[in-house]
Every structure is written in C-alpha cells, then in structure tokens.
Amino acid sequence: MNNRTLTYNVLPQQDTLLDDYFSFLTNINGTMKFYEKEVYSIPTADWSEQAINDLKVYECPNSGKYLMNHKPLYITFRKKGGGEMDKLFKIEDIIILNFHDDYETFLKDVNYSEDYRKRVKDYVDYMLKNKIWSALPKDEKQVFMLSNKAIELKNKPKPKNGNNSFRTYYELADLLNEDLV
C-alpha cells in the first residue's frame, strides 16, 4: 500500500472556499472529519440580516426547532421572497447564553476573546436600540460567532420548492451548483 500525501493546487488566500474546505476535511487535530451536509441554511428578516452583515453575530433560541442536529462548517441565510442565499459564513463558535441572567458575566469573562465580547455587546446594543428587544431576553440563546470573511454565492441559490420558512442543511456542492436555482 502506498503512503500518499494529499495535496491541492490552490495558492493561499487565492481561493478561501477551497482552502477552508480542504482544511476542515483533512487532519483537524489529527483526525479526518466527514460531513454529509456542511451548510446550515435558515430564513432571516431584514433586521437580522443587517446585524449578521455588520456585526457577524446571529442568535436564536436554544430549544425546539432551533436546535441543530450537528455543528456545520458554514451557515447561510435565506432572504424573504423566495429564499435567495447570497453568502456563506464560516461558523467560528456557538456560545450558549442567557442574556438576562449571564450577559454581564459574559462581558467580563476572559475565556472569551475581547473581539467576541465586543461583537456580542454591539449586537445587544443593536437589538435594544432598534427596539427588536424591549429588554434582555430571559430564554437561553445560541449565539453564532461568524467569520469576518463571507464567501459570496455568485449563483444565488434558492430552495427548489420556493418555501422559505424552514431550517435545513445543504451540501456545499449543491449550493455551488448552478442547477440548484
């Protein structure tokens, strides 16, 4: 049996998607990772989309239909009016947080980077200032910390059935395929 090394011919920083995908699939902490569906896709409102694009933070309840089957590599957000997806965001981390009970403690917790704490604070300020929240929510939330670099989906894929009210997983190849539209 031959011992072969996997290589690929993409210059660093030239193709972020291929570089990220290759990195996730091979030798993460010495183990090979396999993914059936690498992208989590959810519908968003205009206010949520603005917070995602500006702050790279998304949150949703940590219960019921909002719980994920597994942590995907990427997340994409479907726009209203048909579910067009225009960007992929790498999920850096998911923080479980009860804003009402634990927000002040979180802001002081040095186990989280200063960047994460600032982005969450800016998100809370955005939600209160725009009256999306009247007060800090009392339920536990999943707070998605997204990469600052988004990958543009040039073909703008949409769900085939036109329904935009569900959460689902997609294969990365499906979202990059022109035929999904």
**OP:** Could you compute the FRET efficiency for Trp47 and Val110, with r as their C-beta to C-beta distance and R0 at 25 Å, rounded to 0.05?
**Re:** 0.20
**OP:** Determine which residues of segment 61-91 fall in the zone a paramagnetic label at Lys156 would reach in this model, i.e. backbone nitrogen under 16 Å from the point 7 Å along Cα→Cβ.
**Re:** 77-88
Original post:
Ignoring ligands, DNA and RNA, what percent of the 1.4 Å accessible area of segment 51-181 is carbon and sulfur?
Top reply: 46
Original post:
From the phi of every residue in segment 79-94, what ³J(HN,Hα) in whole Hz does the Karplus formula 6.51 cos²θ - 1.76 cosθ + 1.60 yield, where θ is phi - 60° and glycine or proline is x?
Top reply: 7, 5, x, x, x, 4, 10, 10, 8, 10, 10, 6, 8, 7, 6, 10
Original post:
How far, in nm, would the chain grow between Ser63 and Lys129 when pulled straight, counting 0.36 nm per residue and subtracting the alpha carbon separation?
Top reply: 21.2 nm
Original post:
What are the ³J(HN,Hα) values, in whole Hz, obtained from phi via the Karplus relation 6.51 cos²θ - 1.76 cosθ + 1.60 with θ = phi - 60°, for each residue of segment 123-138 in sequence order, with x given for Gly and Pro?
Top reply: 5, 4, 4, 4, 5, 6, 4, 8, 6, 6, 10, 8, 7, 4, x, 8
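The values are calculated or read from the model by the stated rules, or taken from the named source; none is laboratory data. Because the structure is a prediction, the values reported are computed rather than measured. A quick note on method: Cβ atoms are made from the backbone with ideal geometry, for glycine too, and the neighbour counts reach across all protein chains shown. Accessible surface areas use protein heavy atoms only, side chains included; no ligands, DNA or RNA. Shrake-Rupley method; radii C 1.70, N 1.55, O 1.52, S 1.80 Å.
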